[in-house]
Amino acid sequence: ISFVHLVIVLFSALTTKDVEMILCLYLVAEIVTDSLMLWSFGKGEYSVRLCFPAMATVKKILRYCLPMAAYIAMNSLLRDTDKLIIGRFEPTEMQAIYSNCAKILPLDIISAAFYTILVPKITKRIVVGQYEGARKLFSDYLKVGLLSTATFAIAISLCADQAICLLYSEKYLKGKTVFLLYNAVELLKFANVTIVISAIGKTKTLMMISAVALAINLGISLALYQWMGLIGPAVGTVIVTAITIGVLFTFSAKILRTRAIRLLDVKFLLHYAMKGIIAGILCLLIKQMLLKVGIHPYLILFVVSGLFCIIMFFANFRQIKAALSQIDRNSED
């Protein structure tokens, strides 16, 4: 589906250059996708039929979904608060630079997939009182998030200049620090700790935490903008994100009836950090060599970032295999 969307954008950009055409083709793609989904459900004996809903069931769904919707909305607004501040105090050019460099990149593509798979499995274990199994699943999920999301964030940070030029243009290099800070936000998101709280349906807790984080982020971003200028709101977002993750992590540990430190494999984290530092230094040295010989910036980006990911993959292959095997075994139990 994502590939079809990419083809639609490329086709429209190279032919009509019409935004309305892109949206119309998107709509057609969504209709086709929904039709295929409904057909697939029907073939699997889970046909979707239009009928009057049971109000008791609707109330249960709304009790879960409305606070979750509020949490998602406030989370999105939290990410845009700093952009609103920049738009208020900076000229249009700087707002454009900041907004683009602060875009959320899809670096959590792997951990997001595991999130979808593991929520019902963790829910099942918590409901039946299998807290040890839930803890193991959550701990292994954190390892997968670190090995994927954090690795991708570091890899692209090693070639921030080249990545900005590829994604936007050289004019946006003024926002390099903002780009790096938002990569740090993505790196922190490897510990997507909403999985446990979502699993037991405590969406009101998520909503309240998000509301508090939004208010704090607004205050900190305004203060840091006055002190640090353009990068101040981005620094504020990193700080608030780290604090929020810490709070969510503490709540998750309490739900799983353990201490937060026990959910983290400290030895694993230290080994990962050591390997990441060594691989990062090696890749930066190679980057300097490629810059000296005048290699094309895009080629430098793909070579250096790709090399870092490859090194980290093989350096952590045993840990990756062990984490996935453990998730597999716990899922089948």
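The values are calculated or read from the model by the stated rules, or taken from the named source; none is laboratory data. If you're wondering where the values come from, they're calculated on a predicted model, not measured in any experiment. Backbone-built Cβ (ideal geometry, glycine too); neighbour counts: all protein chains shown. Quick note on the areas: whole protein, heavy atoms, side chains included, nothing else; ligands and nucleic acids left out. Shrake-Rupley method; radii C 1.70, N 1.55, O 1.52, S 1.80 Å.
Quick notes
- Every residue from the stretch 70-103 that is among the polar types (S, T, N, Q) and more than 22 Å from the chain's Cα centre (by Cα): Thr92, Gln95
- Every residue from the stretch 16-42 that is touching a helix residue (DSSP H, G or I) at 6+ places or on another chain (Cβ under 7 Å) and among the small types (Gly, Ala, Ser): Ala29
- With a requirement of 2 or more residues that are of a type in the set (A, V, I, L, M, F, W, C), under 20 Å from Ala150 (Cα atoms) and touching a residue at least 60 places away in the same chain (Cβ under 8 Å), the helices (runs of 4 or more DSSP H) lying completely within the stretch 259-333 that satisfy it span 266-292, 297-315, 317-332.
- For the condition part of a loop (DSSP other than H, G, I, E, B) and touching a residue at least 24 places away in the same chain (Cβ under 8 Å), Gly201 qualifies.
- Candidate set: the stretch 111-141, residues that are β-branched (Val, Ile, Thr) and in a helix (DSSP H, G or I); chosen: the one nearest to the chain's Cα centre (by Cα): Thr116
- Leading residue by the ranking (nearest to Ala223 (Cα to Cα)) among those in the stretch 51-90 that are in contact (Cβ under 8 Å) with a residue 40 or more places away in the chain and polar (S, T, N, Q): Thr81
- Of everything in the stretch 1-34 that is of a type in the set (Phe, Trp, Tyr) and surrounded by 11 or more Cβ atoms within 10 Å (Cβ to Cβ), the residue that is nearest to Val48 (Cα to Cα) is Tyr26.
- Listed by first and then second residue, the pairs linking a residue in the stretch 142-159 that is outside any helix (DSSP H, G or I) to a residue that is of a type outside the set (A, V, I, L, M, F, W, C) and open to solvent by 10 Å² or more (accessible area, probe 1.4 Å), with Cβ atoms under 6 Å apart and 6 or more places separating them unless they lie on different chains, are Cys159/Ser305.
- In the stretch 293-311 there is no residue matching the filter, namely being modelled with pLDDT under 85, open to solvent by less than 40 Å² (accessible area, probe 1.4 Å) and either more than 21 Å from Phe179 (Cα to Cα) or out of contact with any strand residue (DSSP E or B) (no Cβ under 8 Å at 6 or more places or on another chain) (or both).
- Any hit, the stretch 35-50, residues being in contact (Cβ under 8 Å) with a residue 40 or more places away in the chain, among the aliphatic types (A, V, I, L, M) and open to solvent by 50 Å² or more (accessible area, probe 1.4 Å): no
- Apart from one condition, Gln326 fits all of (1) open to solvent by less than 40 Å² (accessible area, probe 1.4 Å); (2) of a type in the set (S, T, N, Q); (3) touching a Ser or Thr at 6+ places or on another chain (Cβ under 9 Å); (4) within 30 Å of Val127 (Cβ to Cβ); the exception is (1).
- Of all residues making up the stretch 119-143, the number that are within 13 Å of Leu324 (Cα to Cα) and buried (at least 22 other Cβ atoms within 10 Å of the Cβ): 6
- Of the listed requirements (1) modelled with pLDDT of 80 or more; (2) touching a Leu at 6+ places or on another chain (Cβ under 6 Å); (3) buried (at least 22 other Cβ atoms within 10 Å of the Cβ), Ser148 misses just one: (2).
- Identity of the residue in the stretch 52-105, assigned to a loop (DSSP other than H, G, I, E, B) and closer than 26 Å to Leu166 by Cα, that ends up least open to solvent (accessible area, probe 1.4 Å): Ala102
- Number of the exception - Ile243 against (1) open to solvent by less than 50 Å² (accessible area, probe 1.4 Å); (2) part of a helix (DSSP H, G or I): (1)
- Residue within the stretch 221-229 that is free of Cβ contacts under 8 Å to residues at least 60 places away in the same chain and under 30 Å from Val303 (Cβ atoms) present: no
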